[in-house]
Amino acid sequence: MKLRILTPTRGGSPHWLTAAASIAAIAPDAEHVVICPDPAAIAAPPHPGGRTVLRDEGRGLYAALNLGLRAPGDWDAFTWLNDDDLLEDGFRAAWHELQTEPDWGAIYGRVGLIDAHGAGLGTLPIATEPADLIALLRGGIMPLAQPGTIIRRSVVERIGGMDETYRLAGDLDFFARALEAGIPFGHCSGRVADFRLRAGQLSQQQELGAQEFERAVSRLRTKLGAGGAAALVRFRWANRGVYWDRWWRHGAVSMRSLYRGAGST
């Protein structure tokens, strides 16, 4: 199987070279497709699996990702990594598991949180039971993280690409449409990526994010799935170490407060 990794960028990230280096180290055989306003401004060591740089058409993040998906070339699965995030060692295991489980349309794992300087801030809580994804989303919980999630091309061919009308939650909408279509998800126990919290990032726009979350998961309101209460108990128990670590590092703060605070450092 051939993997395509997409990186949408505006071209000004001070962490771009670090992100590109993590892709080269963790997924050297993957094709790296970069989408940016000025292809000539992208400077990075050559990627072992080949790097294609496309000109961003200026229609937003999810339009840029669709451009990357439509780019010519042979690929069987894709993921995307922001220009300031990192792939981690667990990504290798996730990619291997997806290749050995032909019934899975996608696989996800744990994602760490780092600050602007690369220091660890904890990890994001995720569902360790993929069967609970629908129930948790219906309950207002984001049970998986976009960085490092790997999706088969067959899923894109079945449900389409990204909905370009979203500004923040196009990834969630994509996952919700896949779940609505009955696409099986797999879970990898390893840490597949790191998400960098920084000032001004889109994920900190809470009101719009909440509106788009509700819009994306509304399609799952009548979808059958695991019981909500049982799914929540499993989710909380499986992530008890995540909550303890957050409390030990930051005190009694919510994930929303952590996003706001760390993003301003």
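The values are calculated or read from the model by the stated rules, or taken from the named source; none is laboratory data. Since this is a predicted model, take the numbers as computed values, not measurements. Cβ: placed from backbone, ideal geometry, glycine included. Neighbour counts: every protein chain shown.
Here are the numbers for the structure shown:
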item	result
Sole exception among (1) free of Cβ contacts under 8 Å to residues at least 24 places away in the same chain; (2) under 18 Å from VAL242 (Cβ atoms) for HIS96, by number	(2)
Count of residues meeting criterion [out of contact with any helix residue (DSSP H, G or I) (no Cβ under 7 Å at 6 or more places or on another chain) and not aromatic (Phe, Trp, Tyr)] in the range 158-183	5
Output for the range 206-229, where each listed residue is at pLDDT below 70 and out of contact with any helix residue (DSSP H, G or I) (no Cβ under 7 Å at 6 or more places or on another chain)	LEU224
Test for GLY161: is it in contact with a Phe, Trp or Tyr (Cβ under 9 Å, 6 or more places away or on another chain) and on the phi > 0 side of the Ramachandran plot	no
Of all residues in the range 35-70 being in contact (Cβ under 8 Å) with a residue 60 or more places away in the chain and in a loop (DSSP other than H, G, I, E, B), the one that is farthest from the chain's Cα centre (by Cα)	ARG59
Members of the range 1-34 found to be outside any loop (DSSP other than H, G, I, E, B) and acidic (Asp, Glu), listed by number	GLU31
Qualifying residue in the range 81-97 (condition: of a type in the set (A, V, I, L, M, F, W, C) and under 18 Å from LEU172 (Cα atoms))	yes
